[in-house]
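Contents: one structure, followed by commentary.
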Amino acid sequence: MYKKEFEIRWSDVDANGHLANSAYVNFMSHTRVGFLNQNGFSLNELVANGLGPVMFSEQIYYFKESFLGQKVNVTLEVSGLSDDGMFFTFEHNFYNAKGRHLATCDMMGAWINLKTRQLTELPQHLKEIMKEFPRTENFKTLTKEDTRASGKRPKNLS
């Protein structure tokens, strides 16, 4: 399990005085970047391979509030990967300094080729690295069908 600690700043709270939704999203993004950097997916490595991550969805479930000045720990484990490395799901969990579970989030994403702007599988050396990522107990091998499991589809304005 990868873990990163944050202190809740003034800019992280909303009008209710608790950690704002946008701060949860920012803390998770910062945690993912730290995790990827530490595990062989640095910005330089991604650029060298013409890759970029894209996010399909984030589903956050909130359990307890947290407030200005408090510390929160954000964890990351991989809950799913496709065999070709194209698709991934991460599970983030938020805990206060006492270890109380504040929130959890399931996020799904993929890798794109930065030139073609199309989804792409990972080069073999990066697939091998991903196999070593910390996994959740309910880890799943993903397929393309999993990316549409929500049933959501684009609907253009007429």
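Odds and ends about this structure:
- Principal axis dimensions, largest first and in whole angstrom, of segment 83-158 by Cα: 47, 43, 22
- Stretching the chain fully between Lys115 and Asn156 yields a gain of 12.1 nm (0.36 nm per residue, less the alpha carbon separation).
- Radius 10 Å from Cβ of Ser22, net charge of other residues (Lys, Arg +1; Asp, Glu -1): -2
- Solvent-accessible area, 1.4 Å probe, carbon plus sulfur percent, for segment 55-158: 49 percent
- Residue-normalised accessible area of the chain, expressed per residue, 1.4 Å probe, Å²: 61 Å²
- Counting only alpha carbon atoms, the long axis of helix 21-38 and the longest principal axis of the chain meet at about 50°.
- Computed lengthening from Asp84 to Arg148, 0.36 nm per intervening residue step minus Cα-Cα distance: 21.3 nm
- Fluctuation leader among Phe56, Phe35, Phe88 - the chain, Gaussian network, Cα springs under 10 angstrom: Phe56
- Here the calculated FRET efficiency for Asn44 and Thr141, from their Cβ-Cβ distance with R0 = 30 Å, stands at 0.55, rounded to the nearest 0.05.
- Value of relative contact order over segment 1-102, rounded to a whole percent, pairs C-alpha under 8 Å and six or more apart: 35 percent
- Solvent exposure, largest accessible area first (probe 1.4 Å, DNA, RNA and ligands not counted), of Phe63, Phe87: Phe63, Phe87
- Gain upon complete extension [Trp10, Lys64; 0.36 nm per residue less C-alpha separation]: 17.6 nm
The values are calculated or read from the model by the stated rules, or taken from the named source; none is laboratory data. Please read these numbers as outputs of a predicted model, since none were measured by experiment. Every residue, glycine among them, receives a Cβ derived from its backbone with ideal geometry; neighbour counts consider all protein chains shown. The area values use the complete protein model at the heavy-atom level, side chains included, leaving out ligands, DNA and RNA. Shrake-Rupley method; radii C 1.70, N 1.55, O 1.52, S 1.80 Å.
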